[in-house]
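The values are calculated or read from the model by the stated rules, or taken from the named source; none is laboratory data. As the structure is a prediction and not an experimental result, all values here were calculated from the model. Every residue, glycine as well, gets a Cβ built from its backbone with ideal geometry; the counts of neighbours run over all protein chains shown. Ligands, DNA and RNA are excluded from the accessible area calculation, which covers all protein heavy atoms including side chains. Shrake-Rupley method; radii C 1.70, N 1.55, O 1.52, S 1.80 Å.
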Amino acid sequence: MTLEVGVLGYRFMGKAHANAMARLPMFFPDAPAIERSVLVGRDEAALEDAAERLGFDSIATDWRDVVADVDVFYNLGPNHVHAEPSIAALEAGTPVFCEKPLAPTLDDAEAMAAAAREAGDDVPAGCAFNYRFVPAIQYAKTLLEAGDLGEIHHVRGRYLQDWLVDPDAPWSWRNDEEMAGSGALGDLGAHTVDLLRYLVGDDDLAGAIERVSGHLETFVEERPVEDAGEGGDPETRPVTVDDAYTAQLAFANGAMGTLEGSRFATGHKNDHTIEIHGSSGSLRFSLERLNELEVLRAGDRGYETILVTDADDPYVDHWWPPGHVLGWEHTFVHENYEFLSAVADGESFAPSFADGLAAQRVLDAIERSDQRGEWVALE
Ligand code: SOE
């Protein structure tokens, strides 16, 4: 059986997922057969051009005509269009893969997770936290699960970018609270929180995040509008989300977490680092060196840099011989492989909408903590 896939969104994430789908039959021959069936958007001319480039059979300008008819629905639009189409798809029994953060607001994320619960486990609802699918991250998880780091004391996550440090960088939906929900916090912090939950969230490691303290900052309050003047658009628009955030976390087992995310970290393009210190070892991962994991074990005087590209490392046997390194786009191939396989087998998939909601609860608590100027407990 060939799964017909409908995809909403054809820009950055549309391209990343379409590329992943195109790679699957070549490198993951056991993946279910799929057809990039219909591409959904509002601008018909742009849509036609994108459908041609990204290999889709047809286009649709209204998601309502699509969600019940396809076998799988991908929601890769801006955050404010995540909830309604995804819920409608799940209500029609169509599996959904939705980009992160799950939604702009906690209410929307809760409604989406409820729709996923009601659809049942055989209708997978996945949240596309692609960094879980980096081989080095999965290797780190194996070490943590084996207890190699001992009792977890410190967990640190930083996601640094600099594309907004120029005050003349144009305004986009990512700067708008209505459309994005939050700024660096939701866009970057969602990834960091998800990775920390994935890596140390088990009860015998750091456990659940119980309390948070957050600080959000907006450095540039308004930005120029691209093509201002056309169609009466104003010259500038207000920035209504954070440009950067920091947070402290308290985990159930007593571990301390320190998070940071910024679009103003001059010189850092897409720099996501995770560091974990336990009683008998430490781990260090950087997205800018994503084939490597730095590991320090009891008795070592320094970190060992492990190149995680052996044939028995996760997913690597599908690609190239050891040392022929992978990149950012491969994470999308891996997550698409897992998600589509779950759809074909009628099995649940993680990260799920429940995982998306759990991350959102932490982000929401960080924001509330910033507003109140005090630590906030997660229920
Ligand atoms: C832009 O800030 C962005 O593309 C995020 O939206 C992605 O989720 C992240 O992987 C890279 O940065």
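Observations on the structure shown:
- Heavy-atom accessible area for residue 210, with the other protein chains in place and a 1.4 Å probe, reaches approximately 90 Å².
- Calculated over segment 1-139: convex hull of Cα atoms, volume per residue (Å³): 121 Å³
- When Rg and the Kirkwood Rh are both derived from Cα coordinates, the Rg/Rh ratio for segment 261-345 amounts to 1.04.
- Largest to smallest accessible area among 246, 218 [probe 1.4 Å]: 246, 218
- Scaling the Cα radius of gyration of segment 94-200 by the globular reference 2.2 N^0.38 Å produces a ratio of 1.29.
- Size descriptor, Kirkwood hydrodynamic radius, that averages inverse alpha-carbon separations across the chain, Å: 21.5 Å
- Accessible surface for residue 204 stands near 120 Å², nearest 10, in the context of the full protein assembly shown (1.4 Å probe).
- Inverse mean reciprocal Cα-Cα distance (Kirkwood Rh) of segment 224-379, Å: 20.0 Å
- Taking every DSSP bridge with both residues inside segment 1-79, close to 0 percent are antiparallel.
- Lysines whose Cα lies under 16 Å from that of residue 15, excluding same-chain neighbours fewer than 8 positions away: 100
- Semi-axis lengths, Å, segment 204-293, gyration tensor of Cα atoms, sqrt of 5 times eigenvalues: 37, 18, 9
- Here segment 222-243 and segment 311-367 have alpha carbon centers that stand 35 Å from each other.
- Across the options 152, 193, 262, the greatest Cα extent toward the positive end of the charge dipole of segment 146-272 (unit charges at beta carbon of Lys, Arg, Asp, Glu) belongs to 152.
- Normalised by the number of residues in segment 125-192, the mean separation of alpha-carbon contacts (under 8 Å, six or more apart) gives a relative contact order of 26 percent.
- 1.4 Å probe accessible area per residue over segment 70-218, in Å²: 34 Å²
- Since only 325, 293, 378 are under comparison, the one whose Cα sits farthest along the positive direction of the charge dipole of segment 245-379, derived from C-beta charges on Lys, Arg, Asp and Glu, is 378.
- With both residues required to sit in the chain, DSSP beta bridges show an antiparallel share near 60%.
- Contact order for segment 72-207, expressed relative to its length and based on alpha carbon pairs under 8 Å spaced 6+ residues apart, stands at 27 percent.
- When the solvent-accessible area of the chain is split by element, carbon and sulfur atoms take up 46 percent of it, the probe being 1.4 Å.
- The Cα center of segment 79-124 and the Cα center of segment 158-221 differ in position by 21 Å.
- The residues packed around residue 93, meaning those with a beta-carbon under 11 Å from its beta-carbon, carry a net charge of -4 if Lys and Arg are +1 and Asp and Glu are -1.
- Residue 178 versus residue 270: modelled label distance in nm, points set 7 Å from Cα along the beta carbon direction: 3.0 nm
- Kirkwood hydrodynamic radius of segment 1-64, Cα pairs, Å: 11.9 Å
- With DNA, RNA and ligands ignored, accessible area of residue 13 (1.4 Å probe; Å², nearest 10): 40 Å²
- Most mobile of 157, 186, 120 in a GNM of the chain (Cα contacts under 10 Å): 120
- The relative contact order of the chain, computed from alpha carbon pairs under 8 Å that lie at least 6 residues apart in sequence, is 21 percent.
- When the charge dipole of the chain is built from unit charges on Cβ atoms (+1 for Lys and Arg, -1 for Asp and Glu) and taken about the Cα centre, the candidate among 14, 207, 232 whose Cα reaches farthest toward its positive end is 207.
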